[in-house]
1. I'm told B:Val170 meets every condition in (1) without any contact (Cβ under 8 Å) to a residue 24 or more places away in the chain; (2) closer than 18 Å to B:Lys391 by Cα; (3) crowded, with 20+ Cβ neighbours inside 10 Å except one. Can you identify the failing condition by its number?
2. Take C:Leu150 and tell me if it is at pLDDT 85 or above and loosely packed, with under 12 Cβ neighbours inside 10 Å.
3. Counting just the residues of the range A:162-176 that are modelled with pLDDT of 90 or more and assigned to a helix (DSSP H, G or I), which one comes out nearest to A:Thr209 (Cα to Cα)?
4. Condition first: among the aromatic types (Phe, Trp, Tyr) and more than 27 Å from C:Phe326 (Cα to Cα). Can you find one or more residues in the range B:169-180 that meet it?
5. Mind telling me which of the residues C:Ile202, C:Ile240 ends up being closer than 30 Å to C:Ala391 by Cβ and at pLDDT 90 or above?
6. Among the residues of the range B:320-362 satisfying the criterion of being open to solvent by less than 10 Å² (accessible area, probe 1.4 Å) and modelled with pLDDT under 85, which is farthest from the other protein chains (Cβ to nearest Cβ)?
7. Would you list the helices (runs of 4 or more DSSP H) that sit entirely within the range B:69-128 and hold 3 or more residues that are open to solvent by 70 Å² or more (accessible area, probe 1.4 Å)?
Amino acid sequence: MNDIEHIENGSETASGGVSSISAGEGSPKMTTRNVEVYYGEKQAINGVSIDINMDNVTAFIGPSGCGKSTFLRCLNRMNDTIPIAKVTGDIELDNEDIYAPDMDVVQLRARVGMVFQKPNPFPKSIYDNIAYGPRIHGLASGKDELDHIVETSLQRAGLWGEVQDRLDDSGTALSGGQQQRLCIARAIAVDPEVILMDEPCSALDPIATAKIEELIHEIRGKYAIVIVTHNMQQAARVSQRTAFFHLGTLVEYGVTSDIFTNPTQEKTRDYITGRYG
Amino acid sequence: MNSAAISPVDPTPTDWRGEVMQRRIKKRYAAERRFKTLGIGSVLLSASFLAFLLFVMVGNGLRGFTQTELPLDLDFPALTGGASASQFEGPNAEANLKSLGVQEIVDAGIDIQYGENSELFSAGAWKAVRSAILQNPNIVEQKTTLTLPVESEIDVAYKSDGSKAAEQIVAKFDNELSTGFNWNFLSNSDATDPMQVGIWGALKGSLITMIITLLMAFPIGVLAALYLEEYAPKNRITDLIEVSINNLAAVPSIIFGLLGLAVFLNIFGLPRSAALVGGLTLALMTMPVIVISGRNAVKSVPPSIREAALGIGASPIQVVFHHVLPLALPGILTGTIIGMARALGETAPLLMIGMRAFIATPPNGVTDPATVLPVQIFLWSDEVNRGFVEKTSAAIIVLLLFLLTMNALAIYLRNRFETRW
Amino acid sequence: MNTTTLLILVIGLGLLGWVVGRAKAARLVAASSSKGSVHSLPNYHGWYVALWGVVPAILFLSIWNIVSPALITDAALTSPAAEALPKDGFTRGSILAEARSIANGDQTKAFNPLSTSMVEPYQAATSYYQTIGMVAALLLVFACGAFAWLKIKPELRARTKIERVTMMTLLLASLIAIVTTIGIFVSLIFESARFFSMVSPIDFLFGTEWNPKAVAGPRGESGFGAIPLFWGTVFIGAIIAMIVAIPLGLMSAIYLTQYAPPTFRAWMKPILEVLAGVPTVVYGYFAALTVAPALRDFAVSIGISNASSESALAAGVVMGIMIIPFVSSMADDSIAAVPSAMRDGSLAMGATKSETIKKVLIPAALPGVVGGVLLAVSRAIGETMIVVMAAGLAANMTANPFSSVTTVTTQIVQLLTGDQEFDSPKTLAAFALGLVLFIVTLLLNLIALRVVKKYREAYE
């Protein structure tokens, strides 16, 4: 378990120059204030404060090693699995501190689902892959209900038509793009509130990528979605809000179209126009 | 994407705070704790098996290094009829002692002090008197009191619980009985009387056997490892060699014993029970271990070293013998020591080639009948006489000490010379 | 002069050859005008001469040592004393053997007076042929060494030649593994074939009565039905031992890899490995001295009156303890090979650690674990000392763990110790049992390795 230091919200953004931390209209689903992450001695995230809204797809962009994935993993405490990682600052989900001692990690991760960079289906049948989450969390009271959850999850992930006749096949037998949609369906099946996607398309071909992006578009609004991507076109296509990270700090956060057409920060402009990264 | 009508999974969002969910979470955490407890329990149980085994062996075995002694007054001038100390000095001492008849003198002394047929002392007690005279010949000219080992049953009764008769004797002589270190245990060989047995013969047999094993298995193992890792072309024969080595490493040791019996004894006609045959058999068993560990050590030498050597014009043989082998040697040695430790503890194949004979004199050559420490342990464990229990355990302690030393050496080598590239 | 002295002499001459060859090459180098005009370093020329001197002589000596006993016997038989020998092959052979050992000094007194008369001719023939061998070997050393020495010239590629020899040596060393495997297989097959010519394989493999002591004469043997032994082996090695070793080994591996704090792991892992390093004879003694009596007392106290002091349970439990580190390290490897993405995938859905282990890691690692268990079984059924010392000799077909059963390895030891006649079915039966054991362990290993390999490939 990581030590959490609650830092006063007053010392806003040492990096300066962040235009806004707000996600716009409505109350935010998740809020983070002054998040810092250390891997042993090394600091990976430096004072990031950001709000994530229910209605939006939020994209994190930035050059490799800028800390966007590290930050994403703070949001459902997957960093707990790395013994030397230490997270400080405030991260709240529906105004609850997710690093509070009484917060249950297991429940948190059910509420904040995650899709990984490389598709990682379990070496079980497609059905069992989806049913795994509902089973461990006890979300279905019977076989029928479980079937229903599996079906709707696969439908939402746009995979139902392709796999409905072979639910007993191994999840690892699917193509890469199908595997990733299976992982999304698996995340959906536990009925999360937030879905974190860590470069979900980086291991996929363009056609599979397009399908995933379409899927993100479809499920938007039902879940708060945060997507980390190094592909700026993808960020522009799928997100409504974009956060630009650089060297562990949040440089700029705002409406996606503004970020891409009229960034306020020099660094953002350089990155967007391809001067580095 | 086929937009099938998307119905919500659940019309109402999951109530994570609800009572049902909380109860479920509690149950899941209870299962988590149970599982973890089961895990640590398994580790501790396994470790406690080891602790218990060592405890039993040490508890029984430490007594095997001691012997119970009883003082005996010997009036040498009267018993020997006036032998002089000078007889037992110099080169003729042994011969003169023989003609003196120490055994009869001691028996007479025992009869005088404790009555005839007392059967208090070990049958080998006179040997202690003999070495006492050799050490200090002057005692033959005076009245002396020597403490001598008692008979085995009394020894057992004094150390722990013995037979009724023996316990009575112990009670009678309780004030005179004492405990001394049993040097004979380290210098004698096998015997029928537990008070006179020793492990030196078996230890020497083990030593000779291990030297033969090492001389055979080490060069062959290293050369084969070098060949397979550095030169072997990809072909049938290489595959066959690899399969053979991997299989040999997994063949039960008793099968090697059968091989030794059929080939070394029956075809080559080598002598039974000899350290030579034992060493050869164990060498065949150890060789695959050395090859496998040797290959790993050779593999871990980075290719850049080979390229550098080749780049300055070394031949492939020179590359390997000048650069790769020296760098891989610590790893190979570690594997060799581990393989040798295994061979040292091996019993079954040696039983097959007849190394289970009663060997009362230590072997003096590779073809002399010999036994080894583990086999000696096995033979003593079969003895009915209770005195052998502690001797068996004591021999086990010695064996485990040797293995511990070898393994510690291997670990030291690994830590001292292991290079991370 | 005996063979050892001769060998040392030959090697000494080889050393001399090395010095002489090296010296000549060094002179060539000194005399040569330009660098590199002598192909190889002087050392290689030295080796060239030494190897030429020693290798043919040693080859000759080893052949001579095989051939000469027959020549000596032939020569001795031509002597007048040989005419008194009986014609009967067996007595004749034994007299000759006795005479030979007296002549060589292995034996001092003869049992058969005829042997004494043969000693003299034997000694004469022995010294005659020994002298021939010695002279021939030394001549060979000088001739071949001189030949090599004469061949030393600046352009001689001595290094290449030496390296070719080295390469051959490496290859030969590797071939010993194949030779050993073939040796095992052939000797087992050969002796088993002799056994099966006396006892039908069907009776052996499917017979249910094992009682080799009762077997009377040649042909028509019964009492070689090995089913009780197979059952005992499986009962102890594959059932009881595994019931102990699999849960303990698996749970230990899981705890040490997934839960334990690093320092705890650093201490406990080697401690568990020590269990695998304890010699089996020590386990056997532990089983016989401590575990078996305790189990018998326990059995008697719960009302099993016929509990024996040598029980399948005692041997099986102790064997299981011995196997724990084996199972645990195989499980450790298999679990470590499961990609961490899979573990993260499960944790990210809100599964607890134990749920992740039970439902994702173990199923994913299962092929590896199964492979490891198969290897452990193969090791357990080939294990000898524990069962010899603790399981007993009674060939019972029983599932009662408190009764005594016997195993294949126990019976091999039993049949081959004591007075052996090499042709009796009793002795040969040991080889037939060995063959079965060899084949079964081989198959188990092959299957296990294949399973593990397939599993590894699945994650690469």
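1. B:Val170 satisfies every listed condition except (2).
2. Against the criterion (at pLDDT 85 or above and loosely packed, with under 12 Cβ neighbours inside 10 Å), C:Leu150 qualifies.
3. Restricting to residues being modelled with pLDDT of 90 or more and assigned to a helix (DSSP H, G or I), the top hit is A:Glu162.
4. Yes, the range B:169-180 has at least one match.
5. Details: C:Ile202 fails: at pLDDT 90 or above.
Step by step, each of C:Ile202, C:Ile240 is checked, and only C:Ile240 is closer than 30 Å to C:Ala391 by Cβ and at pLDDT 90 or above.
6. Within the range B:320-362, the match that is farthest from the other protein chains (Cβ to nearest Cβ) is B:Met355.
7. B:93-100, B:102-114
Yes/no per residue for (1) touching a Leu at 6+ places or on another chain (Cβ under 7 Å); (2) within 20 Å of B:Arg342 (Cβ to Cβ); (3) open to solvent by 30 Å² or more (accessible area, probe 1.4 Å):
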position: B:Asn182; (1), (2), (3): no, no, no
position: B:Gly198; (1), (2), (3): yes, no, no
position: B:Leu203; (1), (2), (3): yes, yes, yes
position: B:Thr209; (1), (2), (3): yes, yes, no
position: B:Ala217; (1), (2), (3): no, yes, no
position: B:Gly221; (1), (2), (3): no, yes, no
position: B:Pro233; (1), (2), (3): no, no, yes
position: B:Asp239; (1), (2), (3): no, no, yes
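The values are calculated or read from the model by the stated rules, or taken from the named source; none is laboratory data. Owing to the predicted nature of the structure, the values given are computational and were not obtained by experimental measurement. Here the Cβ is made from the backbone with ideal geometry for all residues, glycine too, and neighbour counts use every protein chain on show. Accessible surface areas use protein heavy atoms only, side chains included; no ligands, DNA or RNA. Shrake-Rupley method; radii C 1.70, N 1.55, O 1.52, S 1.80 Å.
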